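The values are calculated or read from the model by the stated rules, or taken from the named source; none is laboratory data. Treat the numbers as computed from the prediction; the structure is a model and nothing was measured. Positions of Cβ are generated from backbone atoms using ideal geometry, with glycine treated the same way; all protein chains shown enter the neighbour counts.
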Ligand code: 9MR
């Protein structure tokens, strides 16, 4: 009885107490309060620099080895593995309660010399052996792996990048993911790339289509890393949030993996953090170095700490954004059924209308339709697409749209996270059906 009464009293007091929630005072603690991590790239040779480790140990709860887990570092001679430098970083991190992202198992760059000169099935075997050996060595010690890094081309093609690995066959990426899963079933397996932040860019769409295909075919992919190296040639764009939420809607976690921003604008850093907090499956942010002098682009002063280790305005902006951020309401289910939170403001519908186009992948007895909704001259704040299905066609499954009707005239509306489409921009959704598609002619109207 006494215990019950005390409990009731405590509960009652909690109702009336107005003490603010404790705001975190470090990046890692504040991110953790939002169910996220905040990480940094670490260069192993700097672990003897106490100014460096003081900040590292105080601020961060996730670590990525900047170079020490790459192929040239871990397998300098074929079949001879070298883990000393990587183990040092892993041990430093894990002994202090930090987690580790593995970077990276397969990449066209920073290959050891012996691998650079290989091709064909010998290279494919060597790559898969590397993935297996390295993922096995670190099994249980890394929470996520960048299994494949930077496999898509820049520019307007949206295609794979040419490389010796790509020339072993287009399935090299899924083969790497399968080998990684077999070697370390507990690690989240990520695809990681740069210049994939802008939702309208062909490269972003190319990666998106690959991830969607992997999810549909059961290739073991759990997450997508967005490097987010922002600079004057490749600036931050506000549709980054759309990119994150669109990938998340495929049923993968998304992570910001190598963040740096030329000039370290506090506003831009704040926006990136807010974008991640707005997407339930964005579960962490990693900056690519601690002090500006640690950056691979030191002259751009892109990081959160000055060369002398003092906090920059961007640091304060990030910390404040982490502390003020709201916890998203959509549950991180797989695949997600609820959308990420709406942006805070809701613009009125514009007069520009929309268009819808469809591409169909038909096989005997069924098809997948991918539908693209493109906003006209003004932004959309909701859309409806109508598609008349031929007789015998029945919808069995759909993604990123709500539907009414499975046969005949079907109506499709946006879900919460893809109703807002910027002028001239597009969003994509789709469905699977039995039967024959014939020529589908979708119509689109703005709401
Ligand atoms: O920061 C890394 C730098 O020290 C290396 O010299 C460089 C070699 O390619 O790689 C840098 O890290 C890259 C990361 O592994 C992948 N995304 C781009 C990063 C910056 O180049």
Within segment 257-270, does at least one residue satisfy the condition of being touching a helix residue (DSSP H, G or I) at 6+ places or on another chain (Cβ under 6 Å) and either within 14 Å of the ligand (Cβ to nearest atom) or in a strand (DSSP E or B) (or both)? yes
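Can you name the residue in segment 382-402 that is at pLDDT below 90 and assigned to a strand (DSSP E or B) and, of all such residues, is farthest from the chain's Cα centre (by Cα)?
396
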Only one of 160, 181, 124 is surrounded by fewer than 21 Cβ atoms within 10 Å (Cβ to Cβ), within 27 Å of residue 248 (Cα to Cα) and in contact with a helix residue (DSSP H, G or I) (Cβ under 6 Å, 6 or more places away or on another chain), namely 160
Among the residues of segment 423-432, is there at least one that is part of a strand (DSSP E or B) and modelled with pLDDT of 85 or more? no
Quick check: anything in segment 135-152 in contact with a helix residue (DSSP H, G or I) (Cβ under 7 Å, 6 or more places away or on another chain) and at positive phi? no
If residue 82 satisfies all but one of (1) over 26 Å from the mean Cα position of the chain (by Cα); (2) crowded, with 16+ Cβ neighbours inside 10 Å, what's the number of the condition it fails? (2)
Tally, over segment 214-234, of residues that are touching a strand residue (DSSP E or B) at 6+ places or on another chain (Cβ under 8 Å), away from the ligand (no atom under 11 Å from the Cβ) and in a loop (DSSP other than H, G, I, E, B): 4
Suppose the filter is at negative phi and within 23 Å of the chain's Cα centre (by Cα); does residue 57 pass it? no
Qualifying residue in segment 288-306 (condition: under 18 Å from residue 225 (Cα atoms) and either touching a strand residue (DSSP E or B) at 6+ places or on another chain (Cβ under 6 Å) or touching a residue at least 24 places away in the same chain (Cβ under 8 Å) (or both)): yes
Check residue 169 against each of (1) more than 21 Å from residue 120 (Cβ to Cβ); (2) more than 14 Å from the chain's Cα centre (by Cα) and name the one condition it does not meet. (1)
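Results for (1) away from the ligand (no atom under 16 Å from the Cβ); (2) assigned to a loop (DSSP other than H, G, I, E, B); (3) at pLDDT 95 or above; (4) closer than 22 Å to residue 227 by Cβ, shown as yes or no for each residue.
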| site | (1), (2), (3), (4) |
| --- | --- |
| 21 | yes, yes, no, no |
| 24 | yes, yes, no, no |
| 30 | yes, no, yes, no |
| 38 | yes, no, yes, yes |
| 41 | no, no, yes, yes |
| 46 | no, no, yes, yes |
| 53 | yes, no, yes, no |
| 56 | no, no, yes, yes |
Quick one: is residue 67 away from the ligand (no atom under 16 Å from the Cβ) and under 27 Å from residue 147 (Cβ atoms)? no
